[in-house]
1. Looking at segment 147-162, can you tell me whether even one residue there is within 30 Å of Ser86 (Cα to Cα), out of contact with any His (no Cβ under 6 Å at 6 or more places or on another chain) and of a type in the set (Asp, Glu)?
2. Go through segment 155-194 residue by residue and tally those that are part of a loop (DSSP other than H, G, I, E, B), aliphatic (A, V, I, L, M) and under 16 Å from the mean Cα position of the chain (by Cα).
3. Within segment 8-62, can you find the residues that are surrounded by 11 or more Cβ atoms within 10 Å (Cβ to Cβ), among the basic types (Lys, Arg) and more than 18 Å from Gly123 (Cα to Cα)?
4. Just give me the residues in segment 138-154 being open to solvent by 50 Å² or more (accessible area, probe 1.4 Å) and either over 14 Å from Pro168 (Cβ atoms) or outside any strand (DSSP E or B) (or both), in sequence order.
5. So which residues in segment 126-137 are open to solvent by less than 50 Å² (accessible area, probe 1.4 Å) and either part of a strand (DSSP E or B) or in contact with a His (Cβ under 7 Å, 6 or more places away or on another chain) (or both)?
6. What is the one condition in (1) touching a residue at least 40 places away in the same chain (Cβ under 8 Å); (2) open to solvent by less than 70 Å² (accessible area, probe 1.4 Å); (3) touching a Leu at 6+ places or on another chain (Cβ under 8 Å); (4) of a type outside the set (A, V, I, L, M, F, W, C) that Ser86 does not satisfy?
7. Within segment 179-198, does at least one residue satisfy the condition of being open to solvent by 60 Å² or more (accessible area, probe 1.4 Å) and either of a type in the set (A, V, I, L, M) or within 19 Å of Leu107 (Cα to Cα) (or both)?
8. Give just the number: which of (1) farther than 15 Å from Leu28 by Cβ; (2) at pLDDT 85 or above does Pro121 not satisfy?
Amino acid sequence: MKEPEIGQQGLTPAQVEQAREAYGSNELTHKKRNSFLRQFISNFGDPIIKVLLAALAVNLIFLFHNFDWYESAGIAIAIFLATFVSTLSEYGSESAFAKLQEDAARLSCRVRRSGGVTVVPVGEVVVGDLVLLQAGERVPADGVLLSGQLSVDQSALNGETKEADKRPGGESDPRDLLAANRLFRGSVVCAGEGVLRVGQVGDSTFYGGLAQEIQEETRE
């Protein structure tokens, strides 16, 4: 699908609505979280836990012959502790992620529309928007740097602590974090100023893809 044609004046209100209908909003999809108990029960499907359960079953069979319940009790306790700690860790991570998402949804950014600069919530950014960026601001969506020069922190996406230099020009893969002309949602501008033309929003962004993977119930 072709992106809306825009100039340096930015999108008009009509173009904003057209882009939102064609490409969706910049909101990230939030899947319903499992309760702690349900997640605890589902974690018994872990391969290692299954092995321990099998060992427990074998011990219970022999328990009736030699009445040695110490080993069976030890395996049962190990299963409970391993499953409980794993569930506690996952549940805590998901809670922290949900809190980060809520905080991110309250952020705003500056966009150029109809020749003027306006401040809008990150969730209202659409494909084709011209976003003005400067040091200290967070990139609201994926896209191409049209002008200026930036130094950005992409550690939230790739774990690299070294800042990446971004400048206009050239062709690149929209998913290539190393591309010099590409900016990605979740990155933080450390230095410089520039104008971003939004190309992907919401779940279509690189960050949005990571967010969906984290929320998957079955992960490798």
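The values are calculated or read from the model by the stated rules, or taken from the named source; none is laboratory data. Everything numeric in this text was worked out from a predicted model, so none of it was measured. Cβ coordinates were reconstructed from backbone atoms using ideal geometry, including for glycine residues, and neighbour counts include every protein chain displayed. Each accessible area value is taken on the protein alone, full model and side chains, heavy atoms only, with ligands, DNA and RNA left out. Shrake-Rupley method; radii C 1.70, N 1.55, O 1.52, S 1.80 Å.
1. yes
2. Start the filter on segment 155-194 by keeping residues that are part of a loop (DSSP other than H, G, I, E, B), which leaves 159-163, 167-181, 184-187.
Now narrow it down to the ones that are aliphatic (A, V, I, L, M): 177-180.
Retained after the next criterion (residues that are under 16 Å from the mean Cα position of the chain (by Cα)): 177.
Number satisfying all stated conditions: 1.
3. If the condition is that a residue be surrounded by 11 or more Cβ atoms within 10 Å (Cβ to Cβ), among the basic types (Lys, Arg) and more than 18 Å from Gly123 (Cα to Cα), then Arg33, Arg38, Lys50 are the ones that fit.
4. Across segment 138-154, the qualifying residue is only Arg138.
5. Leu130, Val131, Leu132, Leu133
6. For Ser86, the exception is condition (3).
7. Residues of segment 179-198 open to solvent by 60 Å² or more (accessible area, probe 1.4 Å): 193, 197.
The next check asks that each one be either of a type in the set (A, V, I, L, M) or within 19 Å of Leu107 (Cα to Cα) (or both); those that pass are 193, 197.
Yes: segment 179-198 contains one or more residues that are open to solvent by 60 Å² or more (accessible area, probe 1.4 Å) and either of a type in the set (A, V, I, L, M) or within 19 Å of Leu107 (Cα to Cα) (or both).
8. Condition (1) is where Pro121 drops out.
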